[in-house]
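Input: a single structure, listed below in structure tokens.
Just so you know, all these numbers are worked out from the coordinates, no wet-lab data involved. This one's a predicted model, so the numbers in the text were calculated from it and none came from an experiment. Note: ideal-geometry Cβ built from the backbone for every residue, glycine included; neighbour counts use all protein chains shown.
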Amino acid sequence: MAGSSTAPDVFNATARADRREILDALISGEKPVGELVGDLSLPQPQVSKHLRVLSEAGLVRCRADGRRRLYSLEPERLRPMHEWLAKHEQAWNERMDRMDDYLKELQREGEPE
């Protein structure tokens, strides 16, 4: 997998639901911590802690705007997770297709001639 050295960081950083919610909140664009606190109903220290983990994994970027810090999503860093999930999605689709073929065969066998 390309970039596999970063994969564990991405997987660990997204393991907690609160961090995934922060990533979801940033899909619409950059936001200051205060807005994320309001969106997620989490205490500010907790949001800041999660943002630090996400930043260290390269999943969010922070830029200064005067006294505020604005956070934005770095979706390219999710690629290792996407590639890993794509393999599993393909395997599940193949299994579902085989099951569908089998059920159709059973249905044909059960039809009166």
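Quick one: if the Förster radius is 35 Å, what FRET efficiency do residue 81 and residue 101 give, using the C-beta to C-beta distance and rounding to 0.05? Provide the component values of the computation, followed by the final result.
Details: r = 31 Å, r/R0 = 0.87.
Efficiency computed from Cβ-Cβ geometry: 0.70.
What is the local net charge at residue 86, summed over the other residues whose Cβ is closer than 14 Å to its Cβ (Lys, Arg +1; Asp, Glu -1)? Could the numbers behind the result be given before it?
Values: positive: 79, 87; negative: 83, 89, 94.
Net charge in that neighbourhood comes out at -1.
Going toward the positive end of the dipole of the chain, with +1 on Lys and Arg Cβ and -1 on Asp and Glu Cβ, which of 41, 15, 86 do you reach last?
Among 41, 15, 86, the one farthest towards the positive end of the dipole of the chain is 41.
What list of ³J(HN,Hα) couplings, whole Hz, do you get for the stretch 57-66 from phi and the Karplus terms 6.51, -1.76, 1.60, once you set θ to phi - 60° and write x for glycine and proline?
Once rounded to whole Hz, the list reads 7, x, 7, 10, 10, 10, 9, 7, 9, x.
May I ask you to list the lysines whose Cα is less than 24 Å away from that of residue 31, ignoring any residue fewer than eight positions away on the same chain?
The qualifying lysines are 49.
Based on Cβ point charges of +1 for Lys and Arg and -1 for Asp and Glu, what charge dipole magnitude is obtained for the stretch 1-91 about its Cα centre, in debye rounded to the nearest 20?
On the way: 14 positive and 13 negative charges, 64 e Å.
The calculated dipole for the stretch 1-91 is roughly 300 debye.
Would you please name the trypsin sites (Lys or Arg not before Pro) within the stretch 59-99 that are DSSP coil residues with at most 11 other C-beta atoms within 10 Å of their C-beta? Mind showing how you got there, number by number?
Working: sites: 61, 63, 67, 68, 69, 77, 87, 95, 98; in loops: 67.
Sites meeting the loop and neighbour criteria: 67.
Name the residues of the stretch 36-53 whose amide N is less than 17 Å from a point 7 angstrom out from the Cα of residue 28 along the C-beta direction?
The answer is 36-42, whose backbone nitrogens lie closer than 17 Å to the label point.
For the chain, what log10 I(q)/I(0) values come out of the Debye formula at q = 0.11 1/Å, with one point per alpha carbon and no solvent?
Debye output, listed in q order: -0.49.
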